[in-house]
Amino acid sequence: MRIGILSDIHANLEALEATLADMGGAGVERVVCLGDVVGYNTDPSPCIRLLREAGAVCVAGNHDRAVTRQIPTDGFSVRAIRAIAWTRKRLPPEDVAWLSALPLKTNVGDQLVAVHGALHVDRGCELVRLNSEDRMRRTAQALLAHPSGARVCAYGHTHRLGIHEYRNGELWEHDPDSEVALRGGSCYLLNPGTVGEPRSEERRATWMLFDTGRRTVSVRRVAYDDRAAFEKTRRAGIEPRRLLAIPAPVRAALQGGLRRMGIYEMVRRVINS
Ligand SMILES: [Fe+2]
């Protein structure tokens, strides 16, 4: 089976449409969404509709659970809270019900375990970022102990692409630009990055193709009309004007520079406050 894994759509309809079209072209038979369907952008309901039409298997992200008031917004950025409030006012009851019913973790055909944040955590798993080797090891060990027998865990939340292999207690990262052949005896942690809320130099939507027959994983990148999507967000008053005033390539270069200096998160918080 060809499984298309996507995450962190964040109500960006243009990005999701382009991604699902690319999945169709790639022969995807099952769509798996790792949560954060809503938040940050302005098309939560059309995105939910598209996922439902695609028959996607979906887990809940922290933004989904905050919009539905299943968790508080403590620890969310000011911009995220603004978008959550905006979304709550506009989401019809049937979409709230759909989001509210999403599980935190799910098993896809004993081939793949899906979670938004981290597998090794029970309560609050949608909030934990797998951004350290220690946490990745713990999630890999939880995967090894998972009753499904699956050897692949797909997660999102960090908005950062990554393919990690865990074997004999060792963890290492694969080049996301090359197709990865999955080895028996290893387990894998896959992060498809983000469809609709880029936080790196990569402005395209990204997703992963997991071919369970061939036992391969590859990354796909999809260009879309991001100006249209983010202009709607700006008009809604969610996105700070000062960030969007900077052309996208300059903004990406600036973000890369701040990241290398180790001050990106601090500057981002100031801008978004
Ligand atoms: Fe997210």
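The values are calculated or read from the model by the stated rules, or taken from the named source; none is laboratory data. Quick caveat, the model's predicted, so the values are computed rather than measured. Neighbour counts run over all protein chains shown; Cβ positions are idealised from the backbone, glycine included.
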Somewhere in the range 238-246, is a residue surrounded by 12 or more Cβ atoms within 10 Å (Cβ to Cβ), out of contact with any Ser or Thr (no Cβ under 9 Å at 6 or more places or on another chain) and modelled with pLDDT of 80 or more?
no
If I filter the range 94-103 for residues that are under 21 Å from Leu189 (Cβ atoms), in contact with a helix residue (DSSP H, G or I) (Cβ under 6 Å, 6 or more places away or on another chain), acidic (Asp, Glu) and not in a loop (DSSP other than H, G, I, E, B), do I get at least one hit?
no
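Of the residues Arg65, Arg82, only one is touching a residue at least 60 places away in the same chain (Cβ under 8 Å), more than 29 Å from Thr212 (Cα to Cα) and out of contact with any Asp or Glu (no Cβ under 7 Å at 6 or more places or on another chain); which?
Exactly one of Arg65, Arg82 is touching a residue at least 60 places away in the same chain (Cβ under 8 Å), more than 29 Å from Thr212 (Cα to Cα) and out of contact with any Asp or Glu (no Cβ under 7 Å at 6 or more places or on another chain), namely Arg82.
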Of residues in the range 48-74 being within 13 Å of the ligand (Cβ to nearest atom) and not acidic (Asp, Glu), the one surrounded by the fewest Cβ atoms within 10 Å (Cβ to Cβ)
Arg65
Quick check on my filter: what residues within the range 148-203 are surrounded by fewer than 17 Cβ atoms within 10 Å (Cβ to Cβ) and in a strand (DSSP E or B)?
Arg167, Glu170, Leu171, Trp172, Glu173, Ala181
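Which of the residues spanning the range 144-177 are among the hydroxyl-bearing types (Ser, Thr, Tyr) and within 20 Å of the chain's Cα centre (by Cα)?
Answer for the range 144-177, where residues must be among the hydroxyl-bearing types (Ser, Thr, Tyr) and within 20 Å of the chain's Cα centre (by Cα): Tyr155, Thr158.
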Looking only at the range 1-31, count every residue that is buried (at least 24 other Cβ atoms within 10 Å of the Cβ), aliphatic (A, V, I, L, M) and either without any contact (Cβ under 8 Å) to a residue 24 or more places away in the chain or part of a strand (DSSP E or B) (or both) and tell me the total.
3
Single residue of Leu50, Leu130, Leu112, Leu119 found to be over 19 Å from Tyr188 (Cα atoms) and of a type outside the set (S, T, N, Q):
Leu50
